Amino acid sequence: MTLPPVLQAQLRDLVAHEGNPRAAMLESLRLVQAAEGWVSDDRIPQIAAELGVTPAELDATASFYSLIFRRPVGRTVILLCDGASCGLNGADAIRDALMSRLGIGYGQTTPDGRFTLINSACVGGCDRAPAAVIGPDRTLVGPLTADTLNAVLEEAP
Amino acid sequence: MSVKLTLNGREITVEDGRDLLSVALEAGVDVPHFCWHGALGSVGACRKCAVKVGDKVEMACMTPASEGMVVETEDPEAARFRAQVTEWLMLNHPHDCAVCEEGGACHLQDMVVATGHHKRRATGPKRTHRNQDLGPLLTHEMNRCIGCWRCLRFYRDHAGGRDFDAFGAHDRLWFGRHEDGPLDSPFAGNLAEVCPTGVFADKAWSKVYARPWDMTATPAICTHCSVGCNLTLNERSGTLRRVQNRYHGAINGFFLCDRGRWGPWSADAPTRLTGPSTLPDLTGAIGLGSPRASLESNWALRRRVGADHFFAGITDSEAALTARMASLLKAHPTASIADIAAADAILVLGEDLTATAPRAALALRQAARGAERDLACQKGVALWLDQAVRVAGEGRRSPIALVTPLPHALDDVATWPLRRPPHAIAAFARLIAAALRGAATDPEAAAIAQALAAAKAPLIVSGASLGLAGPVEAAAEIATALGPKARLALFPPEAGSFGLSLLGPVGGLEAAVARLDRSPGAVIVLENDLFHRADPALVEQVFEKATSVIVLDHLATETTAAATLAIPVAAPAEAAGTWINHEGRAQRSFGFRPPRPEAPAAWRLLAGEETDLDALLTCLTGDLPALAPIALAAGPATPRAHPRQSGRTAQDRAGRVPEGQPRTDPDSPLNWSMEGARAADPALATWTDRPGLHSVSAAYAAQQWIGGPLKGGDPGVSLREAAPDAGPMTDPAPGDGLIGLPLHSPFAAHEADTASPPLAARTPGPRVALHPDDAARLGLAEGARLLIDGRPAPAPLTLDAAISPGHIGLTGLRAVRAVKVKAAP
Amino acid sequence: MTDLPLTGRARPDRTPHSLAEWRALGGYDAVERAFTIPPAQVLDAVDAAALNGRGGAGFPAARKWRFMPAPETSPGPRYLIVNGDEMEPGAFKDRFLLEALPHQVIEGALIAAHATHATEIIVLIRDDYRAAIAGLTRAIAEAQAAGYLNAMTMRVHPSAGRYIVGEETALIAALEGGRAMPRKRPPFPAQSGLWGRPTTVNNVETISLIPHILANGAQWFRALSHTEEGGTKLYGVSGRVRAPGLFEAAMGTTARELIDRAGGVSGSGRLLCFQPGGGASAFLGPEHLDVPMDFGHMAKAGAMLGTGTLIVLDDTACPVEVTARHMAFYARESCGWCVPCREGLPWAARILRALEDGSAQPEDLAALRDIAAEASPRGRSFCDLMGGAMAPLASLLARFPDLIDAHLHRGCPLKGAG
Ligand SMILES: Cc1cc2nc3c(=O)[nH]c(=O)nc-3n(C[C@H](O)[C@H](O)[C@H](O)COP(=O)(O)O)c2cc1C
Ligand code: SF4
Ligand code: FES
C-alpha cells in the first residue's frame, strides 16, 4: 500500500521544515505512527524515499526507540509501570490481573485488536502507584486497583 | 610538541595529546583492544583497552598522552577490568570457534586468551539473531558479534555506504541491512577484516575453507586497476582460498576494494583456458601487447617479435593517451593514495574514480573530511577521537569539485558536483586554469580555482575513463598553474597500461592493421580479449588481415574463440611479474602456487622455459636501462634470500613439514616452506602475526607508526624518470550522431574481472542508456533493442535522465566516440 | 516573595495558566527585566545564586553556561535545550512543572537563552507526557503571539522513548533525528553540541528556577536553602509511604522531614532504607534520615541527590527485588554502545531475578559482586548510565549481605510479606 497523500504531504513539509533529511527521520516516524498506530515494514522504504535517506538509515532510528512500534498495536496501548515505586505498591498484582483478564502477556495484543500491553518503567506517576499510561493521549491512571482497572478497560474504545 | 611519559616503567617520548593506545602499540606494548582501529580511530565503545594511568583505570584509546604520565598496562586493577570486559563480551558469543572461519586468526580469540578468560560462569541462555544473506561476497553470522561498532564505522563513516546500519538497542543490537541483499558498497569486503571476530567472512573462502595457518601466503599486487594495491594470496593444495589486504603505507593502507579482493579468483575461473602450451614458430609475427599483462610479459613478447613488430593491443589513441599520461608523471608531483587522502582541495576531471580506481575514491572520501578535522582541531578536539571529530566538524567538507558527465559516487562529499558532457570538461577546466592565471571566468570555475589556489596540498585527478586527452591536458595545465604544491593523479585504464608504455613508443591496433596491410603475417596476442579493448570492427580487421592469430591467455575469451591457436598461460595471480601503478611505482607480485608446466607465465613461454625471473629482469634492464630500478622492486632477488625467510609457511595436507631442501620457486625469493621467519623485506612479508596475536587486527605491528609506512619502508620503486616523452594531445572532433559514453562499474572493468566467479556475481549487467528526450526524438522506448554501429546492443535500452542529451551510455565502451544507433529490426 | 517560588502559583488540579492569568501573577516580569540586562550580568546573578543543575548531577548552572564560547568566536546557530525526558525510575517532578507551569518553563528558557546567546530553544519532553507537550506547545504559541519570544524560536520535541535520551549528548543525537547514542565529552555540548554547534542542556527544574533568581535576586535565592546550594528543591517521595507526592522545600531538607510530609512510612511503618534520588542512587539507611538532602551532603553520604525523588522501603519490602526491577530497566534502556553496560547489566538483572526466585547459585552471586566492583568506578562505561545503575546494586551488596545470602537457593525470604 502506498503512502496516503496526506501523509506524503506532511512528510514533505517536515523535510522542508527541518532542512535536513536525517533530522526529519524521527519526526517522520512519529508522524506515520500517529496516523497509523505503528510503522510497518512497508512504510520504512516509503518514508525513507520521501525523506531522501536509505531504508537502513531510517530503520536504524526506528528500531532504536521503544515507542516507535514496528509491530501492529491495539487501539488502546497500555504502558503498565513495572518500576520500583509501583512494584512496592502492588504492581505485580495489577499486572497479573491485567494479563489474565486480557489473556495476553507483555508485548502482545488481544486477538480483537483492542489492547496492547507493554511494560514500562517508570511512567512518571510514582505518586499514583501502581500506575499506567493508557490510550492515544497517554492518560496517566493510578493508583490502580482491581476496580479502577476494570473501569479503565471498559472505557477504552 | 613532545612529552615524556612512563610506560610500564620505561620512559618514552611521544607526541603531546596522542591517544595512549596508539602510543603503547607503537612502543611495542600490545594493549588489548577491539573498537579502536588504525584507520578508524578511537571511539571508546568496547572498554577493553583499560590501563592504569596514575591511580585511575582509564581507557587507553580515549586518553591523551601528557607530560609526566605514569602508565601501567599490567596493573592488576586494569587487568581485572579487562578480564571482566572479556567475560561480558563472551556472554552471548556462540563459542563456535570450531566452525568459524576466523578460528585461529581471530582477534577475539587472541584477546580472550590474552585476558585469561577460560571458564564460563554465566548460565543463562544466549541471545540469538537471524542472519542475513548479504550477497555473494560476505557471510553474516550475527551471533558472533561483540558489538565493537567497527563494521559500521568502516562501512558508513569511512566508506560512505548507506545500506548498512545498526539496528535495535541494548543487548539486542545488531548490524546489517534493512533487508537481505548484497551490500552496495564496492568496499564491503573490508568488513571481513575490520570485524575482529567472525560475523563477516569472505564467502569465497568460506566455500573452500582452509584454516588460516594451513594456507601458504604469497605477497602479490592487485592487477585489476592501475592503483596496484598490495595483496596476500592464500593457497592450499594448489587452489586459491582467500585474498587479504597486505598493508602498504602509501597505497592501500588497511583497505582494498572488492574488485581487488576477489579479482584474483579469475585464476580458478571455470573459463580457464586449457590445452597444450607450446609456441609455434613466430618468425615475422606481429606481437600485440596487453594493458593487463605484466611488464615482463609485454617485454618478453616485444623481444620475441622484435621492437618493430610490437604493438599495443589497444587503440592507437589509447596507446598515445597512456604514453602522454606516463610522460606527465615526470613533469608534476604525482599523488599516491595516501597523498590523495591528505589533499585539502581536489578537482576531478572526467574520471569515474569509484569505478576506475576504487581505492583512490576511498582515499578521496577521507580527504573530504579535512575541513571537518580542521574545525574540530580549532575547537581543541583531538583528531583521533573519530566520533567527536565528526560532531565537532559540523559536517564541513574540504573543497572538492567533480566535473564529470554522469552522477558520481562521490557526489555526496563534493562541494561542486558538476555535470558536463565529455567534450565540455576540458573547456570548463581551462576556465579554471585561466582563473588561476588571473583571468575573469565563469563564477563556478573561479570558485574552484580559488579553492585550489588557497589550498596547501591541492590535487588534480584525471585519467582515461573517458578515453579523452582533453581532461588530462587540462589537468596538467591546472597543475602547472598551481605550481609545485599541486599534485597530479592520472589513472591509466589498467594495471599494465603504464608498463606497456614504458617499453617505448608503441602504436596500437590501427598501426598494427596498417602494418599487416603492408606485410601480412601471423599475429600473437598477449593476455588480451581484443574485443574488450577496441571497436569490434577494428578487431575484426586484425583477424581478417592476419595469416593466423595466436592468443596467449589464462582465460577463454571471445578473442581466444576466434583465434587460430589459443595457448594457456598463467593467471596474473600465478605468475611473478612487475606492475607499474598510476604513480609510476614498480611493484613485484609473486605467484601464489608453484608454476604449472601446462600454463607457465606468459613471459616464460615467450622467453624460453629455462629463464627465471632474475635472468629475465637482467635481460630486460640490459635492453631498457632506464628500467633498471625494477630489479629492486622487491628486495635483492639475487642472491636469493635464505629460504627460511619465506613468507609462505604451511604444512602441506599430507602433514609433511618439508625438511631438507624445500620446493623452490625460480621466480621469487620465496619458497614453499614450513619455515616462517619474518621476511626482512616488507615487499616479501605476508605475516604480521606473532605469538599471541594472529589476526589481521595486529597489522599495526608492522607499521613504523600507526597508519604510517611499513617497517623497512613501503615496497616499490619509482619509475617516473623512465617514463616516455610524449607531447600534448588534442582530441579529434567527436563526429556526427550520438556520442557513446563509457559506463564503468566498480566491480568489473574487464574480462579478467568478470571471469572471477565472486565478482561476476556482483557485476551489474550491461547497460545501454539514453536521455528520455533523445529516445523520444529517435522514437525509441524503454526496453527497445538497438543496433549500435550495426551490431546488436549488449542490453535493451534504459532511459536515464542523467545521460547528457546527445549521448548514449554504453557498458564496455572504452572511449568516448560517435556511434550509430538505430532500432534493431 | 514566596518560599515556594517553583510551585507556589500552581493550581491544585495542575491545569496550566493562560498567558493572561500568568501575567496577572507577575509572569514574564523577570523576562522583561532580564532582557534589559547584558547576558554577562544575568550569568553573574545565576552564579551568585549558587544554582546547581537539577537534572541529577548538580553541576552549577552558571558554570555550565560559561562554557559556551563567545558568539564572536563561533558565529552561527546556538542552542538551549531544556531536558524534560524524565525517565528516571521514581522521578515525577518535571512532569508537574511542565504540566502545571509551562509559562514558568518558557520564562526560564528565555532568560537562559539570553544569558548563553542561544538562537533557538528546544524542549525535549518524553512522549508519555502528552498533556505537558500539548500545554507547553500552547503556551509557547501564546508567548510568541504576545511578542515575548522576540526573534527566538522555541519548540517542543517529543521523545520517542528510551531513558538514554535524557543523557545530554544522547539527547542531542536524538534531536538530530538518529539513534540516541551518547557522545564523548569533551568536547562538551557547549563546544560542540547540536549539529556541532554550541549548546546548553538544562533540566526543566533548573530552568524553572531561573526567573525567580532574576525576579528576587541571588541573595534571596540562596536564603531559601538550608545549605550552601541555593534555592528550593522540588522533592518527591514515593514507594512505601502513606501519602506519596511532590514537595517543594528548602534545598537541604532532610529525608525524615520529607517522609513525614509524605505521611510517614507505610507497610510495617519501619524504615528499612531509601534511595534519595531515583533509581540510580544508592540505598541509604535510617542513619541518613537527618542528612541534609543536597548534592554535596548526599555525595558525602555515599549516595547522590540525583533527581531528589525518594523511593522509600519499609522493612517488609525487599531491596533485592527493588534492585532487580531497577536493573531490568537499566539493562533494557542501555543504548548498546559500550560493552559493560550492554552486556553487564542484563547479566546483573538476570542474577538479581534469580536471587529473587531462588535459582541463584553462589557462583552467580560472585559474578554479581564482580560486576558491581568492576563497573562502579566512574569512567568504566562510556556514559553514566551504567555507573548510575551500579549505585543501587553496589549499596545493596554492601548494606544487606545477610539478606542476600538468605536469597541463595531459597529465593526472597520477604516474598508475600508487607
Ligand atoms: C542515563 C542518563 C539519563 C539522564 N536523564 C536525564 C533526564 O531525564 N532529565 C534530565 O534533566 N537530565 C538527565 N540526565 C542528566 C543530563 O545528562 C544532564 O546532565 C542534565 O540534563 C543537565 O541539566 P542540569 O545541568 O540542569 O542538571 C541524565 C543523565 C544520564 C547519564
Ligand atoms: S553506559 Fe554505554 S551502553 Fe550504556 S547507555 Fe551509556 S554508552 Fe550506552
Ligand atoms: S579500544 Fe579503547 S575502548 Fe575499545
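The values are calculated or read from the model by the stated rules, or taken from the named source; none is laboratory data. None of these values were measured; they are calculated from a predicted model. Methodologically, a virtual Cβ is constructed for each residue, glycine included, from the backbone with ideal geometry; neighbour enumeration extends over all protein chains shown.
Taking the criterion of being within 20 Å of the chain's Cα centre (by Cα) and more than 19 Å from A:ARG138 (Cα to Cα), no residue of the stretch A:65-91 qualifies. Within the stretch C:12-55, the residues that satisfy the criterion of being within 22 Å of the chain's Cα centre (by Cα), small (Gly, Ala, Ser) and under 17 Å from C:TRP220 (Cα atoms) are C:ALA49, C:ALA50.
Of the residues B:GLY54, B:GLY103, which is farther than 23 Å from B:ARG120 by Cβ, more than 14 Å from ligand 3 (Cβ to nearest atom) and small (Gly, Ala, Ser)? Before you say what the answer is, go through the steps one by one.
On the way: B:GLY103 fails: farther than 23 Å from B:ARG120 by Cβ.
That would be B:GLY54, the only listed residue that is farther than 23 Å from B:ARG120 by Cβ, more than 14 Å from ligand 3 (Cβ to nearest atom) and small (Gly, Ala, Ser).
Are there helices (runs of 4 or more DSSP H) fully within the stretch C:1-118 with at least 2 residues that are without any contact (Cβ under 8 Å) to a residue 40 or more places away in the chain and not β-branched (Val, Ile, Thr)? List them.
C:19-24, C:39-48, C:61-66
For the stretch B:30-61, a residue qualifies if it is within 15 Å of ligand 2 (Cβ to nearest atom) and at positive phi, and the qualifying residues are B:GLY44, B:ARG47. If the condition is being part of a loop (DSSP other than H, G, I, E, B), surrounded by fewer than 19 Cβ atoms within 10 Å (Cβ to Cβ) and of a type in the set (Ser, Thr, Tyr), then the stretch B:237-270 contributes only B:SER237. Within the stretch A:59-82, if we keep just the residues that are facing another protein chain (nearest Cβ under 7 Å) and among the polar types (S, T, N, Q), the residue that is farthest from C:ARG242 (Cα to Cα) turns out to be A:THR61.
Within the stretch C:295-308, if we keep just the residues that are over 12 Å from C:ALA255 (Cβ atoms) and crowded, with 22+ Cβ neighbours inside 10 Å, the residue that is farthest from ligand 2 (Cβ to nearest atom) turns out to be C:PHE295. Checking each residue in the stretch A:30-58 for being within 14 Å of chain B (Cβ to nearest Cβ) and part of a helix (DSSP H, G or I) picks out A:ARG43, A:ILE44, A:PRO45, A:GLN46, A:ILE47, A:ALA48, A:ALA49, A:LEU51, A:PRO55, A:ALA56, A:GLU57, A:LEU58.
Which of the residues that make up the stretch C:190-205 are within 14 Å of B:GLN387 (Cα to Cα) and either within 16 Å of ligand 2 (Cβ to nearest atom) or of a type in the set (Ser, Thr, Tyr) (or both)? C:SER192 - this is the single residue of the stretch C:190-205 that is within 14 Å of B:GLN387 (Cα to Cα) and either within 16 Å of ligand 2 (Cβ to nearest atom) or of a type in the set (Ser, Thr, Tyr) (or both). A count restricted to the stretch C:182-193 and to residues that are facing chain B (nearest Cβ under 9 Å) and either within 14 Å of ligand 1 (Cβ to nearest atom) or without any contact (Cβ under 8 Å) to a residue 12 or more places away in the chain (or both) stands at 7. Residue count for the stretch B:434-465, restricted to those that are assigned to a helix (DSSP H, G or I) and surrounded by 23 or more Cβ atoms within 10 Å (Cβ to Cβ): 6.
Okay, residues lined up against (1) in contact with a Ser or Thr (Cβ under 9 Å, 6 or more places away or on another chain); (2) on the phi > 0 side of the Ramachandran plot; (3) buried (at least 16 other Cβ atoms within 10 Å of the Cβ):
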site: A:LEU14; (1), (2), (3): yes, no, yes
site: A:HIS17; (1), (2), (3): no, no, no
site: A:ALA24; (1), (2), (3): no, no, yes
site: A:GLU27; (1), (2), (3): no, no, yes
site: A:VAL39; (1), (2), (3): no, no, yes
site: A:GLN46; (1), (2), (3): yes, no, yes
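For the residues A:ALA9, A:ALA23, the requirement of being more than 14 Å from chain C (Cβ to nearest Cβ) and of a type in the set (Gly, Ala, Ser) singles out A:ALA9.
In this entry, B:SER206 is excluded by the filter for residues that are more than 14 Å from chain C (Cβ to nearest Cβ), closer than 27 Å to B:SER336 by Cβ and more than 16 Å from ligand 1 (Cβ to nearest atom).
The rows are residues; the columns are (1) within 13 Å of chain C (Cβ to nearest Cβ); (2) surrounded by fewer than 21 Cβ atoms within 10 Å (Cβ to Cβ); (3) of a type in the set (Gly, Ala, Ser).
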position	(1), (2), (3)
B:CYS377	yes, yes, no
B:GLY380	yes, yes, yes
B:LEU383	yes, yes, no
B:LEU402	no, no, no
B:ASP412	no, yes, no
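From B:ARG365, B:ARG396, B:ARG369, B:ARG373, grab the single residue that is under 30 Å from C:PHE188 (Cβ atoms), outside the structural domain of B:ALA576 (by TED's automatic domain parsing) and in contact with a His (Cβ under 8 Å, 6 or more places away or on another chain). Criteria check complete, one pass: B:ARG365. Only a single item in (1) more than 11 Å from every other protein chain (Cβ to nearest Cβ); (2) free of Cβ contacts under 8 Å to residues at least 40 places away in the same chain; (3) buried (at least 21 other Cβ atoms within 10 Å of the Cβ); (4) not polar (S, T, N, Q) is not met by C:ALA349, and it is number (1).
Filtering the stretch C:369-390 to residues that are more than 25 Å from B:VAL43 (Cβ to Cβ) and more than 10 Å from every other protein chain (Cβ to nearest Cβ) leaves C:ARG369, C:ALA372.
Scanning the stretch B:28-51 for residues that are of a type in the set (A, V, I, L, M, F, W, C), in contact (Cβ under 8 Å) with a residue 60 or more places away in the chain and either near ligand 3 (Cβ under 6 Å from one of its atoms) or in a strand (DSSP E or B) (or both) yields B:PHE34, B:CYS35, B:ALA45, B:CYS46.
Conditions tested, residue by residue: (1) under 30 Å from C:PRO75 (Cβ atoms); (2) of a type outside the set (Ser, Thr, Tyr); (3) assigned to a helix (DSSP H, G or I).
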{"residue": "C:PRO187", "(1), (2), (3)": "yes, yes, no"}
{"residue": "C:VAL201", "(1), (2), (3)": "yes, yes, no"}
{"residue": "C:HIS212", "(1), (2), (3)": "no, yes, yes"}
{"residue": "C:ARG222", "(1), (2), (3)": "no, yes, yes"}
{"residue": "C:GLY230", "(1), (2), (3)": "no, yes, no"}
{"residue": "C:TYR235", "(1), (2), (3)": "no, no, no"}
{"residue": "C:SER238", "(1), (2), (3)": "no, no, no"}
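Would you pick out the residues in the stretch B:742-783 that are assigned to a loop (DSSP other than H, G, I, E, B), of a type in the set (A, V, I, L, M, F, W, C) and surrounded by fewer than 19 Cβ atoms within 10 Å (Cβ to Cβ)? B:ALA781, the sole residue that qualifies. Annotation: A:CYS86 fulfils all but one of (1) surrounded by fewer than 21 Cβ atoms within 10 Å (Cβ to Cβ); (2) in contact (Cβ under 8 Å) with a residue 24 or more places away in the chain; the unmet one is (1).
Against the numbered list (1) within 16 Å of ligand 3 (Cβ to nearest atom); (2) touching a residue at least 60 places away in the same chain (Cβ under 8 Å); (3) more than 12 Å from chain C (Cβ to nearest Cβ); (4) under 29 Å from B:LEU152 (Cα atoms), B:VAL71 comes up short only at (4).
Taking the conditions exactly as written (within 16 Å of ligand 2 (Cβ to nearest atom) and either charged (D, E, K, R) or under 23 Å from C:CYS273 (Cβ atoms) (or both)), does C:GLY336 satisfy them or not? In short, no. Kindly indicate whether any position in the stretch B:12-34 is at the interface with chain C (Cβ under 9 Å from one of its Cβ atoms), in contact with a Pro (Cβ under 9 Å, 6 or more places away or on another chain) and more than 16 Å from ligand 1 (Cβ to nearest atom). Yes, there is a match, as at least one residue in the stretch B:12-34 is at the interface with chain C (Cβ under 9 Å from one of its Cβ atoms), in contact with a Pro (Cβ under 9 Å, 6 or more places away or on another chain) and more than 16 Å from ligand 1 (Cβ to nearest atom).
In the stretch C:122-159, of all residues being crowded, with 23+ Cβ neighbours inside 10 Å and small (Gly, Ala, Ser), the one that is nearest to the other protein chains (Cβ to nearest Cβ) corresponds to C:SER159.
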